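So the structure is just underneath, and the comments pick up after that.
The values are calculated or read from the model by the stated rules, or taken from the named source; none is laboratory data. From a predicted model like this one, the values you see are computed outputs, not experimental measurements. Heads up, the Cβs are rebuilt from the backbone with ideal geometry, glycines too, and the neighbour counts pull from every protein chain shown. With ligands, DNA and RNA removed, areas are computed over all heavy atoms of the protein, side chains included. Shrake-Rupley method; radii C 1.70, N 1.55, O 1.52, S 1.80 Å.
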Amino acid sequence: ANNQQRILPEVPAFSPTVIDLRGLAPADVEAELLELRDRLSHEVRPADVWPLFEVAVTLLDGDRVRVHLSVDALISDFASGRILFRELSHFYENPETPLPPLEMSFRDYVLAEAAIENTELWERSRDYWWNRLNELPPAPELPMAKDPSTIAYPKFVRHQTTLDATSWSRLKTRAARAGLTPTGLLLAAYAETLTRWSRSPHFTLNVPRINRLPLHPHVNNVIGEFASFTLLEVDNRTREPFEVRARRLQEQLWNDLSHQYISGVRVLRELMRRQGGMDRALMPVVLTSTLALSQDQRTTLEHLLTPTHAISQTPQVWLDYQAEEREGALLYNWDAVDE
């Protein structure tokens, strides 16, 4: 109730909801699955009541099972999802073998990160961003079907596709010759597309970043919301080759990331204070790249389970472009408020 996060001393054992759909007509099964998906994918759970997640299991004909997992991003970022699957897989393979205890908690990390404030590193990051804020352009001014402030219940829709492993590998090789990382390439392509539609070719993108500072050896084993974001300036006002624009954008991102000791939320609050309101400080166009977390080998659970649907929803976001690599292929999607 007081907006403070806390870790409960104890929680009861969690049992997923089990729904038996065996024996129903195919149309009725599909209707039940879609109703459950719609409820879980867009529910907003009370933030001060455990649990901030839900798991439901539907039993289907032919000895099939579908698992529905809804997790509030207040308590888990993308990397935490990987940790969760890795640890669940451990128990599938070794049900009787406990995991070694962690020597830190998410609370420990939050307090350690707070202790960085007012150090030389933190002040250098703050000064960098405070100097940039006066010249930072607004978000892309895109043609809207409706004023976002008039949408009472934002519903995100996923538009997704895949670039096959061979094509993606060739593209990464070509990008590397141009001095571009895979994420740098995707950012530049996204910026080009937005430039075609934005009223101004000079705008700011919201780029989430993994923000697990190396404050403890176990920091990469803790589940929590560690992620922050960078406000990335895109300036496509001059006519230049794509490679030139892409390298300049990547260099800007690298400069920004070298000053990451102040959170994106803190920067956004300062921007809002200077702008005198939220309108110009809102940064609702996002690119989320998890390519740095790509893994060559899937866990046991990922071999057992085939993903059938996924969706994310984020307050104050209209369009979130997400990219990940799986078995060499590029999976990418736009989660957007289509209304």
[x] 1.03; [y] 0.94; [z] 1.08, with the label sought being that of the calculated Cα Rg over 2.2 N^0.38 Å: [z]
Most fluctuating residue given options P137, P100, P182, as computed from a GNM of the chain linking Cα atoms under 10 Å: P100
Sulfur and carbon atoms: percent of accessible area, the range 1-63 [1.4 Å]: 53
Amide H contacts of R209 (H built 1.01 Å from N, under 5 Å, at least 5 apart or other chain): S228, F229, T230
Sparse-neighbourhood loop sites, GluC sites (Glu not before Pro) in the range 52-138 - DSSP loop, at most 15 other Cβ within 10 angstrom: E96, E103, E117, E135
Order of exposure, largest accessible area first, which applies to M278, M104, M144 with probe 1.4 Å: M144, M278, M104
Fraction of accessible area attributable to carbon and sulfur, the range 172-248 (%, probe 1.4 Å): 54
Descending semi-axes in whole angstrom, ellipsoid equivalent of the range 11-110, from the Cα gyration tensor: 30, 19, 11
Computed helical MRE - 222 nm, the chain, DSSP H runs ≥ 4 contributing -39500 (n - 2.57), nearest 500: -11000 deg cm²/dmol
Whole-number accessible area per residue in Å² for the chain, which is evaluated in the context of all protein chains at 1.4 Å: 61
Positive dipole terminus of the chain, leading residue within P182, S198, S41 (C-beta point charges): S198
Distance between modelled label sites at A176 and L257, nm, 7 Å Cα→Cβ extension: 1.7
Fraction of accessible area attributable to carbon and sulfur, the range 265-339 (%, probe 1.4 Å): 50
